[in-house]
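Asker: Here it is: the structure, laid out below.
The values are calculated or read from the model by the stated rules, or taken from the named source; none is laboratory data. What you see is a predicted model, and the numbers here were worked out from it, not measured in a lab. FYI the Cβ positions are ideal-geometry reconstructions off the backbone, even for glycines, and counts take in every protein chain you see. Ligands, DNA and RNA are stripped out before the accessible areas are found, and what is left, the full protein with its side chains, is counted by its heavy atoms. Shrake-Rupley method; radii C 1.70, N 1.55, O 1.52, S 1.80 Å.
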Amino acid sequence: MDAETIPQDNSKCSTCSSRCGKLEVFDWLSDLPQPGGGTDVVEVQFKNTRKGFYKNSNQLKLKRGDVVAVEASPGHDIGEVTLTGELVLLQMKKNNLDPSTYEFKRVYRKAKPVDVDKWEEAKALEHETMLESRRIAERLNLNMKIGDVEYQGDRTKAIFYYIADERVDFRELIKVLADRFKVRIEMRQIGARQEAGRIGGIGPCGRELCCSTWITNFVSVTTNAARYQEISLNPQKLAGQCGKLKCCLNYELDAYIDAQKDFPSTDVPLETEDETYYHFKTDIFKRLMWFSSGRDSTGNVVMLAVDKVKEIIELNKQGKKIAKLTSEFSAGVVKEIDYTNVVGEDSITRFDEKNKKSAKRRKNKRRKNPNRSNNGNNSGRKRRNDKPSNSSDNKKR
């Protein structure tokens, strides 16, 4: 069996590699004819989210999903081709890499069956190696967490990914790990978000984690993003699986900031002749603001448009107070444009209510036809009375 006849996994779709969902890139040029002077650079993906760009100097006919042996330091590594053609240069540009100055490593060959077998054996050792390395780090009293281990394809080197809140002196750890596993050791520090991306998972939205599917550069997220979007500052709901604030809090932040550029400050109260009203909540895209007569209470809540609020604040600055603050919109109008529970799916007791209604209908039917129920009861009694008379006649006979 040569490199061309390595069995492929037919359970995957044709547009995805076997590592489906891990920073996957859709090749929308795959079904178009490639120009003669195309690039010989290919993108190769290794375990989880690690990728690299390699030069196909041997002019191999590579396509998406091919397992290849590439140059490493030292030895060689085994990876999977995830992208070829002109899109590779666009990926490099996206990652701020200049093809003219980037030092490309080479693609040696398509992986042989021996290479693939050795690669699979190396991957099978990674989990136990990670657990053992954690025990060794704990014995050395190192304040760090080893989150993942990745063996090189030829099993001559292993990369240990770790998380640490402070600087860690792991020189002694490297000596112990090298003696224990008989490989070259490389320690690579990552953050909590990178760890979540390597492990993967499903978010509360029901989709795969963004950090494991498409995010490559992590932008800092602050609680101000939640404040701008009027989201409750609940740490359990704002934090992702990495323990940090969710990256998706930044997705719509610019739209919210742009929508409330002309909104008045929520710290400014509204003065009337009778009471002082304080900001309660805001609906940004409907341009509505609610004010309450008490700072900490929800009583006497008034709904106003943003323009009306700005007008009242301007009058207060001039020393004028309006007589009374009333809502500009009726409750019925708000109910029409607001969310309504049409099918009753939000109610936990919705099935109990249906049972009550059906029982009530049966009760009403009985009230409407009392003779029918009485006749049924009497006929039942007659049948029950007939039985002992028949038995007595049988005894006489």
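Asker: If you take the residues of region 48-80 that are β-branched (Val, Ile, Thr) and either open to solvent by less than 20 Å² (accessible area, probe 1.4 Å) or modelled with pLDDT under 90 (or both), which of them is farthest from residue 160 (Cα to Cα)?
Answerer: If we take residues in region 48-80 being β-branched (Val, Ile, Thr) and either open to solvent by less than 20 Å² (accessible area, probe 1.4 Å) or modelled with pLDDT under 90 (or both), then 68 is farthest from residue 160 (Cα to Cα).
Asker: For region 227-243, state whether one or more residues are within 28 Å of residue 50 (Cα to Cα), exposed (fewer than 10 other Cβ atoms within 10 Å of the Cβ) and in contact (Cβ under 8 Å) with a residue 24 or more places away in the chain.
Answerer: No - not one qualifying residue is present in region 227-243.
Asker: While we're looking at this one, here's another question. Please work out which residue is nearest to the chain's Cα centre (by Cα), limiting yourself to region 170-191 and to residues that are acidic (Asp, Glu) and in a helix (DSSP H, G or I).
Answerer: Within region 170-191, the match that is nearest to the chain's Cα centre (by Cα) is 172.
Asker: May I ask you to list the residues in region 26-47 that are in a loop (DSSP other than H, G, I, E, B), modelled with pLDDT of 75 or more and under 28 Å from residue 207 (Cα atoms)?
Answerer: 26, 27, 28, 29, 46, 47
Asker: I'd like the full set of residues that are within 29 Å of the chain's Cα centre (by Cα), touching a residue at least 40 places away in the same chain (Cβ under 8 Å) and open to solvent by 30 Å² or more (accessible area, probe 1.4 Å), limited to region 113-161.
Answerer: Once the filter is applied, which keeps residues that are within 29 Å of the chain's Cα centre (by Cα), touching a residue at least 40 places away in the same chain (Cβ under 8 Å) and open to solvent by 30 Å² or more (accessible area, probe 1.4 Å), region 113-161 yields only 123.
Asker: Quick one: count up the residues across region 132-176 that are over 26 Å from residue 74 (Cβ atoms) and in contact with a Leu (Cβ under 7 Å, 6 or more places away or on another chain).
Answerer: 2
Asker: What pairs come up if the first residue lies in region 174-192 and is closer than 20 Å to residue 154 by Cα, the second is of a type in the set (A, V, I, L, M) and surrounded by fewer than 14 Cβ atoms within 10 Å (Cβ to Cβ), and their beta carbons are under 9 Å apart, counting only those six or more places apart or on different chains?
Answerer: Sorted first by the residue in region 174-192, then by its partner, the pairs are 184/178; 185/178.
Asker: Provide a single number: the residues in region 189-209 that are of a type in the set (Lys, Arg) and open to solvent by 80 Å² or more (accessible area, probe 1.4 Å).
Answerer: 1
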